[in-house]
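The values are calculated or read from the model by the stated rules, or taken from the named source; none is laboratory data. Remember, predicted model here, so these are calculated numbers, not experimental data. Virtual Cβ from ideal backbone geometry, glycine too; neighbours counted across all protein chains shown.
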Amino acid sequence: MKIDYIIVGLGLAGIALVEELTRRNRSFLVFEDESQTSSLVAGGMYNPVVLKRFNPVWKGAEQLQEALPHYKRLEEKFNATYDRKMDILRIFKSIEEQNNWFSACDKPRLKSFLQPTIEDNPYAEVKAEFRMGRVKGTGRVDVRELVSDYRDYLEGQGLLIRESFSHDDLELNDEEPQVELKYKGHQAQRIVFCEGNGVSENPYFNWLPLEGTKGELITIYAPELSLNEVIKSAVFVMPLGNDLYKIGATFNWSDKTNRPTDQGREELLEKLKTVISCDFEIRDHEAGVRPTTPDRRPLLGKHPDHPQLAVFNGLGTRGVMSSPLLAIQLVEHLENETELVEEVNISRFRRLLPA
């Protein structure tokens, strides 16, 4: 079987890449073993504001311009609802934070997202001594449902193979002008690795400084809470419907497993109790390893010695927002030699490539 692309991994990056290749009428085959769970356990929020210090997310507005139509098209494709729009209420910890909020509201890149007022707390079961600020134009994508639907769709079309990719079985041909690769009877012009934290086991790209950061979340049942917005304080409290709320997230830089831990659950519960005062029940506990980088920027580009190999990784906590725009930029780079911006190009780490 001869195709244009092999894609390894079908999380948020893989889906965005498949959508862009489909738009360009390129042929592809996806390998997915469901070993990387970071997309599935992600909170799924899109938010162009760094709420710790009220700064704009890197290219946040540009990312949203591609992301929102991307998820709308997917909803139409599968006759489903993935994008659930809701504001974020940021709880202030002090008068100083209130003042910082007003200063941020005047920043050109934030003015359209931050409500320039301090709001009273509308929820009896939420603790907010210093009141709240509202972030507009935000929402939550049901990533788990989307990924499940997309996997089933590709499998039904014969375009998804549910098995681990064996790097040892990849055969490269670096002779120009016909650069090809072979893998288990398939021939392709290119392969793009969207493996998440699994790229650390990829012999072609394991030199990249990917720092897997484990995150844990819990889902609670709290019928007295009755939230219509996301609450952000020591943790985020995200409405899922039916009195269910997702609570997150932890950051663990040493544990690289996808297993939930007692320590992670207790950390979330301790923080949650500083935010809400009502009773609740824990209904679920999840964990996944986020693919993050030292400079908190994604990893895109071609291998320096094997240009038929490419990587699309390191999206971290903002993959819902960034993946559609980055997929377009990566395909333009692969097919039209368009330069990637330095902040995401893996060439910035070429010094780390083994001699």
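The table below lists the values:
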item: Long-range neighbours under 7 Å by Cβ, at least six apart or interchain, first residue in the same structural domain as residue 308 (by TED's automatic domain parsing) and more than 15 Å from residue 185 (Cβ to Cβ) within segment 158-173, second among the polar types (S, T, N, Q) and surrounded by 15 or more Cβ atoms within 10 Å (Cβ to Cβ); result: 167/202; 172/308
item: Enumerated strands (runs of 3 or more DSSP E) restricted to segment 140-216, each holding at least 3 residues that are within 24 Å of the chain's Cα centre (by Cα); result: 186-193
item: Residue check for residue 138: among the hydroxyl-bearing types (Ser, Thr, Tyr), under 30 Å from residue 19 (Cβ atoms), exposed (fewer than 15 other Cβ atoms within 10 Å of the Cβ) and modelled with pLDDT of 95 or more; result: no
item: Any hit, segment 251-258, residues being β-branched (Val, Ile, Thr), in contact (Cβ under 8 Å) with a residue 12 or more places away in the chain and either assigned by TED's automatic domain parsing to the domain that holds residue 181 or buried (at least 21 other Cβ atoms within 10 Å of the Cβ) (or both); result: no
item: Residue match in segment 286-300 (condition: at pLDDT 95 or above, over 30 Å from residue 220 (Cα atoms), surrounded by fewer than 20 Cβ atoms within 10 Å (Cβ to Cβ) and out of contact with any Cys (no Cβ under 6 Å at 6 or more places or on another chain)); result: no
item: Residue 149 being of a type in the set (Asp, Glu), at pLDDT 95 or above, surrounded by 12 or more Cβ atoms within 10 Å (Cβ to Cβ) and assigned by TED's automatic domain parsing to the domain that holds residue 8; result: yes
item: Tabulated pairs, segment 68-81, first within 9 Å of residue 324 (Cα to Cα), second part of a helix (DSSP H, G or I), C-beta under 7 angstrom, 6+ apart or interchain; result: 70/16; 70/19; 70/324
item: Residue list for segment 237-250, restricted to those being surrounded by fewer than 23 Cβ atoms within 10 Å (Cβ to Cβ) and either of a type in the set (Phe, Trp, Tyr) or out of contact with any strand residue (DSSP E or B) (no Cβ under 8 Å at 6 or more places or on another chain) (or both); result: 241, 242
item: Residue satisfying all of: in segment 248-289; among the small types (Gly, Ala, Ser) and in a loop (DSSP other than H, G, I, E, B); nearest to residue 123 (Cα to Cα) among these; result: 277
item: Test: residue in segment 219-234 that is surrounded by fewer than 17 Cβ atoms within 10 Å (Cβ to Cβ) and touching a strand residue (DSSP E or B) at 6+ places or on another chain (Cβ under 8 Å); result: yes
item: Segment 205-238 - residue that is acidic (Asp, Glu) and more than 30 Å from residue 352 (Cα to Cα) and, of those, modelled with the lowest pLDDT; result: 216
